[in-house]
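S.K.: Before anything else, here's the structure in question.
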Amino acid sequence: KPKRELDQFIATTKTSAAKALLAKIKGLADDANIAFVGDDDFVSLAMERLELGKATFTVFDIDAELLEQIRSKSIKGIQTIQHDCRVALPNLYRDQFNLVITDPPYTSNGVKLFLNRALELLGKADVNDNKYIILYYGNSFKTSEKTLKIQEIISDMKLLIEDKIDKFARY
């Protein structure tokens, strides 16, 4: 059950599976060190069931109950770290991942906050490093000004939108 105080919205099972498959189809997940900044859709559990070579999975989330559910349902040992994204990550986790998947709160501040944590996890990268963020962000055609604000945040952070898929997720 989603915890509204943590801004959780639970995706359908079909959406969570599609999120997991997207990283594989794009060629980003095989043998990758994958971090999830928040995972109330259990994408980590869906991904670990795919054939991704020696991929590793680490979930950072504030919700201790959610992390316990992930640990109890994991078949390969997903690492879980209870962490409040409003606080910078410890150095131990910085620059340790080459793919970060996040579905932040759908506000400008939420997106900025989760992208900052994703960048900490990826560390310094140049064009040839093959480090990626998959950002799931939902919006409505009725709120295009919110989409423009999110694009502005991404641009200000010197990130490039490589691909955008409309009408992807269902909740």
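S.K.: Provide the net charge surrounding Arg94, with neighbours chosen by a C-beta distance below 13 Å and charges set as Lys +1, Arg +1, Asp -1, Glu -1.
M.R.: Working: positive: Arg117, Lys124, Lys131; negative: Asp95, Glu120.
Residues close to Arg94 contribute a combined charge of +1.
S.K.: Follow-up. On the full set of protein chains, 1.4 Å probe, figure out the accessible area of Asp163 and give it in Å² to the nearest 10.
M.R.: Accessible surface of Asp163 is approximately 80 Å².
S.K.: Another question, if that's okay. I'd like the accessible area for Thr15: 1.4 Å probe, protein heavy atoms, all chains in place, Å² to the nearest 10.
M.R.: Only protein atoms counted, so the area is about 10 Å².
S.K.: How big is the accessible area of Arg94 in square angstrom, nearest 10, if you roll a 1.4 angstrom probe over the protein chains?
M.R.: 80
S.K.: Of (i) 22; (ii) 34; (iii) 30, which is the value of percent of Cα pairs over 26 Å apart derived from the coordinates here?
M.R.: Comparing each candidate, only (i) matches the computed number.
The values are calculated or read from the model by the stated rules, or taken from the named source; none is laboratory data. On a predicted model such as this, the values are computed, not experimentally measured, just so you know. Every residue, glycine among them, receives a Cβ derived from its backbone with ideal geometry; neighbour counts consider all protein chains shown. Heads up: the accessible areas ignore ligands, DNA and RNA and are worked out on the full protein's heavy atoms, side chains in. Shrake-Rupley method; radii C 1.70, N 1.55, O 1.52, S 1.80 Å.
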